[in-house]
Each structure stands twice: as C-alpha cells, then as structure tokens.
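Reviewing the structure listed below.
No value in this document is a laboratory result; all are computed from the given coordinates. Predicted model, so just to flag it, every value in this text is computed and none were measured. Note: ideal-geometry Cβ built from the backbone for every residue, glycine included; neighbour counts use all protein chains shown.
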Amino acid sequence: MQLNFLRITMLLIFLFCFTPYSKGEPVQPLKPKNPLVSKRGFNHEHRSVTIYHYGRGGEEYWVFEPSSPKPKKAPLVVFIHGWLAMDPKIYGAWIDHIVKRRNIVIFPRYQAHALAQAKTFTPNALKAVKNAFLTLQSEKEHVKPDLSRVAFVGHSAGGIIAANLAALAKKKGLPVPRAVMCIAPGITWNKWKRMNIPLVNLKAIPEDVLLLAVVGDKDTVVKDIDAKRIFRESVRVPGQNKNYITLISDDHGVPPLVADHFTPSAPDPQYRCPRNKTGKIKTIKSLGKYKFNKSILKDKPVRKKRRRRSIKERRTIDALDYYGLWKLFDGLTDAAFFKKNSKFALGNTREQRFMGTWSDGTPVKELVVRKNP
C-alpha cells in the first residue's frame, strides 16, 4: 500500500514539473503588421541589400547598401559590433532592417583577432570609417552617402566606440553624427586593464546630437556603469536631446523576454560575409529564416518550470528588438534626419515606452526612461 502511494506521489510530481505549457499559454508579440514609425517604420522601401567588403585586419569593413530600387543617395549609419562579434551575421536582421529603410550601413571590424588590444579599437574604427567614406564617395557604383545625415550605433565595446567617434568626429575629419545610440556599452572599468576601452572626453559631442544610452535589466556582463558615464559625461547635449533607457525583462508568456547583454544580436545567416574578396560580394534579395520566438513552441515543448535560456536561445529576434532597440533607433534617426517621429525615441512618451502585447492581450513590460540616471 505504501509502495503504491509512493509511486502515485512520484508520478504527480513528475507531471507537475515536466508537463509542457498548455495551448493557452500566451506567446510573445510578433513583428508588427503595420508601420511602427510612420512611412519609415517596418514597411521597407527596398527589397534587397548589396554587400561590399574592403580592408584587412583592424581596418577591415563591410558596406551594406539598399537596392531594388537603388537610390542615388541615402543617409549613413555606422554600425559598431560588440567584443568578438566581428561577423555581420550576428546583427544581420537588424542591419537588413536599417538598410531596407533606405540607409547605407558601414560595419567596421575594429578587432582583428581575439588578442587585439582594446586601446587600438577606437583608432582602428576611425580609420576604417574614414576609408569607407572615401570609398563611397569615389567609386561610381555605390549609393552616394548623405553626409549631412549620419548616425552611429554601437553594442557593448561598440557602444564605447560609438560615443568616442561622436566626440572625435569634428577633430578627426569625420562627418559629425546627428544621432548616437549606445547599447550596453562597456567596458572601461575592468580590473584587467588590457581589456579596458579608453573613453575619450565626451564634452566634444555637440549639443544638437540626439543621444540614447540603453541597458538591459538582466545584463550581468557590463552592467550599467559605462552607459551612465556616457549619459552624464556628454554634458553639452541638453536633457531634451537624450534619454537613458532600461529594457525590462518579462516572463509573462513563452518564451520569456530576457533583456540581457545579448539582446541586440539579431542573427541572419545570409549576412555571413566572406573576407577573401574586395569590392562587391553579393546581393541579398530576401530575409533569412530566423528561429523566431513562436517557432520555439512548435519545435520543442517548453517546460512549465522556467529555466535560464541558453545563449543560442537568447540570440533570437523578438519584441525586445522590434518594439525596443529597432523602434528606438528608427525614431532617433527619423527625428535627427527628418525632424519627425521623435516620440518613438525621446521624451518618455507612451509610444517610446510601448513594447507590444502578449497574445492574451497583456501588455509587455514597458521601457523605463530616465533623464537623470
């Protein structure tokens, strides 16, 4: 009798702990069907992207240009990768989105290898970006850059470099950016000094730049130390031109939204770019097949006991991208380049904070916007 009772008890425990979510479990918001930011929202103006490759070592760079149709001129975005994230495919879906909204993207590989010294990162990026500007202006086949409409966006180590380039632009002969977005920037404070990336004097960032410093509430890699430094030390930029933003994790549904250091990654295998060729590499006509959040439910059961997601699972495209980082950068560049849609990026507005809704109608936890972190 006792043995049967024990077996039944163990069976109930197993069913409780390992039963998959029911079909009624809410799932994440999908990509918005309607334009999120007016005409320059998730409705793309171009159907394909042409990729070019130039340079070697720490001065290597890729150029991504809109095509189908090919414009004569377009704004310019310098997209700066994180530590050891040198392959554009890691951010491929986001790059694809930016380019198809009619922007040229320069992707400098400032880090030649894993042992490269951090103090070389900003000088390498500076040289690569300057070379890219010259290439775009001198070679006839390229879409011409509109140097009056330039933006810098960087993740992790790239967030520090983006801030550095914004401060150095005028002195070093780069076009001064109109918009700068630093996502999970770091690190300037590690006890291993070789890994610290020097932060230049940010007082040189001009007052008319629009600036966002963005962190995730679950980022244990770089935390929020350097994001606060960038926000506070860019003293010439007035409060109405900059915001400090925290992405908030939300486990209301499946898979959970985790705002950690890997949030900006948006992998697309089509953006794996060969390095053995100079000039035009290929034209991408359609998006790759992402492991998007809803497919996780179909591919394998999600256990009721919540667990920490693996790095591979965290590197997916989800609401933290569409409604978070992508929306913020779209709104920031629209405001800086065309004086519209600032409510999607600045001012602690409802549109800026909104993160979509779960499939059961529950709002995803909003962004937290602060003027004085």
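Quick notes on this one:
- Site pair residue 223 and residue 70 shows an inter-label distance of 5.0 nm when each label is modelled 7 Å from Cα along Cα→Cβ.
- For the peptides 277-285, 100-108, the ranking by packing is 100-108, 277-285, with the highest mean count of neighbouring Cβ atoms within 10 Å listed first.
- Annotation: amide H of residue 210 within the under-5 Å range of 179, 180, sequence separation 5 or more or interchain, hydrogens built in the peptide plane.
- Integer Hz, Karplus 6.51/-1.76/1.60 couplings in order for region 216-224, x for Gly and Pro: x, 6, 10, 7, 9, 7, 10, 6, 10
- Listed pairs 73/285; 72/223; 119/203; 72/343; 119/242; 191/371 exceeding 31 Å between Cα atoms: 72/223
- Rounded Å value of the spacing that divides the Cα centres of region 331-373 and region 138-212: 22 Å
- Maximal additional length on extending the residue 201-residue 280 stretch stands at 24.7 nm, based on 0.36 nm per residue less the C-alpha distance.
- Whole-Hz ³J(HN,Hα) from phi, Karplus 6.51 cos²θ - 1.76 cosθ + 1.60, for region 129-139, glycine and proline x: 5, 4, 5, 5, 4, 5, 4, 4, 7, 9, 8
- At R0 = 22 Å, FRET efficiency that the Cβ-Cβ distance of residue 56 and residue 172 yields, to 0.05: 0.55
- Interchain or long-range residues, amide H under 5 Å from residue 282's placed H: 51
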